Amino acid sequence: MFKDRMSYKNLPYLFSFVMILQTLFFCKKPSNNVDNDSNIVFYLGADLSYVNEMEDCGAVYKNSDNQETDVFDIFETAGANLIRVRLWHNPTWTNYSNLEDVKKTIRRAKDNNMSVLLDFHYSDTWADPTKQEIPFAWEINLNNDSLLGDMMYDYTYSTLKTLDSLELSPEIVQIGNEINPMILQKGNLQWPIDWDRNSLLLNKGIEAVRNFSEETQNNIEIMLHIAQPENGIWWFDQASNNNVVDYDWIGLSYYPQWSQYNLSNLEPVLTNLRTTYNKKLMIVETAYPFTLQNIDSANNILGSQGLLVNFPATQQGQFDYLIELKQILQNSGGNGLVYWEPAWVSTTCSTLWGSGSHWDNATLFDHQFKATKGLEFYSDNN
């Protein structure tokens, strides 16, 4: 997502194409259970990357009964079975989303019997469609694709090795975050994508996960993540044509505010992506406001321009949006839905752009830190 990335919401995605032919594909509604091989039929997840920071800044989360409860327990009890967590390379500007912070988040997830999706940003800060900034420590090899690929391989492999030594191996690994542009760039983005370079780098990250999985028999799955379904259409086509094919999951961000698709025409796009590339599909980022009120000085990212007809900015509207999106995913044969930063509540913390939270109207907790009705989508059987 673009969280703190305030510029993202105002920029159109590049190279979007309109889907023409679609086939509606209906499947039996899957369950949320893990089988003996740790293969999830349908993931229902939460990206809780901000939680440790929020708690350090005073957040205390409450369940639907208004009882103060550990936030990971709240999600597990609600029916969540997956926690997504971002990893920055060396974020000197914050004490969070580094490897030590990620270890803590993964431990809390596993202590609550939830699987983990580890999101490598391959950056010291936010990576998204408007920037894919190379880690400072890697800049020396910016123009040496071979050495840069080796650094990406070594970093990915060593990170997984460190986590495995602590019994914190993730079930799924993202090779990059919202990688619509070419990864590992410096400054202004280069367009069009240099696929000779991009495929080499992506495949080195993929190779590191595959080799580590084989050597440790951990069976870690690989995801490639693109922002907005319309961009997945052209991106995965180009990736496939450039030999980026060895992955298990198509991951998408879907925010109605920035997409040409609404809930009425989204399903065929998801079906097409899943069947064209024969991959599992998960929406790994979405959110919807339960109010348009802003309670702090940090401007909210999701506003009225992102509201859909029949889905008002209320707790019921938020819940209905999530139920409808979950049903669309299941109908398309998709395998998961993750809510982005449902616990990024307003606290004394600051971002790069303001004091408080840019997401306080779109969390799954109200302004008194009590779970909203939206949280019920994890367990609702509709």
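Just so it is clear, none of the values below were taken in a lab; they were calculated from the coordinates. Computed from a predicted structure; not experimentally measured. Backbone-built Cβ (ideal geometry, glycine too); neighbour counts: all protein chains shown.
In table form, for the structure just shown:
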| quantity | calculated |
| --- | --- |
| Some residue of the stretch 70-80 being more than 15 Å from P342 (Cα to Cα), aliphatic (A, V, I, L, M) and not in a loop (DSSP other than H, G, I, E, B) | no |
| Residues (of a type in the set (D, E) and buried (at least 17 other Cβ atoms within 10 Å of the Cβ)) located in the stretch 71-84 | E76 |
| For N310: the one exception among (1) crowded, with 21+ Cβ neighbours inside 10 Å; (2) more than 15 Å from S357 (Cα to Cα) | (1) |
| Single match in A343, A313 (criterion: part of a loop (DSSP other than H, G, I, E, B), over 20 Å from I74 (Cβ atoms), touching a residue at least 12 places away in the same chain (Cβ under 8 Å) and hydrophobic (A, V, I, L, M, F, W, C)) | A313 |
| From the options Y155, Y122, Y96, residue that is of a type in the set (F, W, Y) and more than 25 Å from N188 (Cβ to Cβ) | Y96 |
